[in-house]
Amino acid sequence: MKKIKKYVGLFAALAFVFGTTACSNDASDSSGSKTESEPNTSEKESNTDGTTTLKIQEGGTGFVSSTFSKSTDFPGYSGSGYLDGGTIANGTIVYTVSAKNDITDAKIAIHYLATEIIRRRAALVSVNGEVLNESAPLQMTTDVKVKKDRCTSDNWKDTTYLENVSLKKGSNSIIITGSPSWTFTASDGTTTAVTDANCYLNYVDYLIVIGKGIDYGTDTTKYVSLSYASENETAGSVESSVTETNVAEGTSVTFNAKPNDGWKFECWSDGTTTNPYTKTISESTNLFAHFIPEGYTASGDLVGYATLTADNANAKYTISGGAGATEANKVTISTYEQLTSTYKTLLSSDTPAIITISGTIDTSSQANPLLSVKVDVGSNKTIYGDATNQGRLRNIEFVVGGENVIIRNMVFGEVISWDGYTKSGADDALSLNAATHVWVDHCEFQSHLTPQDLNGNAITSGHNYYAKDTSADGITKWKKDFYDGLLDIKNGSTWITISNCYFHDHYKACLCSSGDSAPNKNTTTGATDSDMRITFVNNYWKNINARQPLFRWGKAHIFNSYFVSETTSTEMYKDSNVQSTGINCRAGSEIYIDYNTFENLKTPIGYYNNDDATSTGYWVNKDNTFTSCTNPVGASATSYVPPYSWTPKSADDAKTYVQENAGVGKLSASDLN
């Protein structure tokens, strides 16, 4: 979902309290006289043009609060330190300024550390809940690098001023946060598009506000972010009783979902079906309306989290994919050029489309066939592999970044992560990156346990990233990293079902959340990896070395699946010891695991490959079958149970079922429409 009418608020819900930490200030501007400047306070100056300049330090008068920590690592700051805007994703700094009368010509800037050693960042400014500069964030970096031991006050600069700012009579709240996307302009005039899913800021010394009749404010109101949109603007729109993107806590807002002809409203993203919908905004809120075509019937094969949009069984959601697409947007793709050029825009857009992939599409036509590529997939898409001419992508990664997506009967794999000594263009065969409501069904995921080119020829260690390390360990690392993942789910992706899929002959198959240190965030929906909800059902995992899956932060349900490492595979065994590991529960995740069969795995279920005991996850081990598995499984205490109902087969019946039914070629042509 990219077409959002309201800016997606990134501001955490904060209880705003005036700080008392002492801070000193810079010297006064030569254009005016300093009327107030005491050590360890914010600074107020009267200017010759009748305006007042406020320089508001962290902890000084006019400072309200911040989610960032104070630091002193880089010298040259004023006062007793600065706020490290890179310590917390989507963090905020809040100030308060008053005005004697309504004014429309105030100016705002930020005094910050101007060095490229900090990642390129930019700031959004919100006044009384309204983002003022979404289209022109304040650039907070330069193309000059400064090391800590060489940093001086000269390296701390002011951003350009945000001008013509309106302040109301009385107290005003000013909120600073990082921008998710902006354009960096270098000193030579060249520009670079920058995206930052974590919306970090730079090192912030103080806020500058200039205007007539202004002073430090008294407004400590708690503001929370608000965004709303239609998931599919082709289907309908959303109206609201407010226009602000940040509203005072406790504000009552009415939303009205308005379907277009041929569509009907089904639900809001929080599971509510009332329309119009009046909601008291007590925390940061991202609300989206879901529409489906009139007369649309969902597939009866879909179960699990992809059928919900909240953690309760009544919060039903119908994934419709590309249903409702115009005839012009029902296309068949059978060539590399069609995939990467002709239909590239349609694939990445949020326009409803039904895409059939016919035959094998790979990178063999490129100058470097081993260089993998990425293809973006937007919202409201149904993607099928052709029922008669099987759809297959080789060395091409699909990156799903939208919502309401169905992918069935496709073969993914052989995506080369490292080409020679160079990082390749893609990472995984299929990536769900900040995706919501996705169903992946009857697909096959595979590579090879020893590297191969696209013609099936073995690639020797001389062609890989670890070529300098020809030891047994070095070669093993090369084999593991030549291909990366088969399926990665991350950055706040949630409400997902992976069903009837066949994963085989790969080292690191499925990663759910990409980091132990903190859950990543979906800047569109506001969800983090802690919000991940994924169902894995009726899947066949064969000759996978690890990550079946590796799961962090969120919650998952894994049932009626078969995990096996063949004893005839030399890559699965070493010195007659089982090498494969199965479900890895880490970083506080909770997984309900029931009615599965595990055979010849070293550790079928557990927490491993991390020495930090505080990073364990938790799991339920219920009615699973284990054969020739080396390590005990046990269970880790959690009361988690999936909120939906399901009717499982026995572990033995599930083993038989997935061997006969998982993967491609099991669906009829009538299923693929």
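How much net charge surrounds Gly485 when only other residues with a Cβ under 12 Å from its Cβ are counted (Lys, Arg +1; Asp, Glu -1)? Charge balance near Gly485 sits at -2. For the chain, the longest principal axis of the alpha carbon atoms and the long axis of helix 472-482 meet at an angle near 80°. What separates the Cα centres of the stretch 622-673 and the stretch 89-152 is a distance of 51 Å. Okay, which of the stretch 268-296 sit inside 12 Å, backbone N to the point 7 Å along the Cα-Cβ direction of Asn256? The answer is 276-277, whose backbone nitrogens lie closer than 12 Å to the label point. Taking 7 Å steps out from each Cα toward its Cβ at Thr221 and Asp188 produces label points 4.8 nm apart. Rolling a 1.4 angstrom probe over the protein heavy atoms with all chains in place gives the chain an accessible area of 38 Å² per residue.
Taking only protein heavy atoms and a 1.4 Å probe, the accessible area of the chain is 45% carbon and sulfur.
Each Lys or Arg adds one and each Asp or Glu subtracts one; over the other residues with Cβ under 15 Å from the Cβ of Gly582, this totals +3. May I ask you to derive the relative contact order of the chain, considering only C-alpha pairs under 8 Å and at least 6 residues apart, and to give it as an integer percent? Contact order relative to length: 9 percent. Volume of the convex hull of the chain (Cα atoms only), normalised per residue: 177 Å³. Semi-axes of the equivalent ellipsoid of the stretch 80-135 are 25, 14, 12 Å, computed as sqrt(5λ) over the eigenvalues of the C-alpha gyration tensor in descending order. Would you mind getting me the FRET efficiency between Ser639 and Thr273? Use the beta-carbon distance for r and R0 = 25 Å, nearest 0.05. Approximately 0.35, to the nearest 0.05. The loop-placed GluC sites (Glu not before Pro) in the stretch 236-332, going by DSSP, that have at most 13 neighbouring Cβ atoms within 10 Å of their Cβ come out as Glu283, Glu294.
Over 26 Å apart: what share of the alpha carbon pairs of the stretch 205-353 falls there, rounded to a whole percent? Roughly 45 percent, once rounded to a whole number. Each residue, Lys316 and Asn164, gets one label point 7 Å from its Cα in the Cβ direction; the gap between the two is 5.1 nm. Taking amide H as placed 1.01 Å from N in the peptide plane, the amide H of Ala136 sits under 5 Å from none that are at least 5 places away or on another chain. Once the chain from Ser364 to Thr627 is taken as fully extended at 0.36 nm per residue, the excess over their C-alpha distance is 90.5 nm.
The values are calculated or read from the model by the stated rules, or taken from the named source; none is laboratory data. Remember, predicted model here, so these are calculated numbers, not experimental data. Because the Cβ atoms are built from the backbone with ideal geometry, glycine has one as well, and the counts that use them run over all protein chains shown. Accessible surface areas use protein heavy atoms only, side chains included; no ligands, DNA or RNA. Shrake-Rupley method; radii C 1.70, N 1.55, O 1.52, S 1.80 Å.
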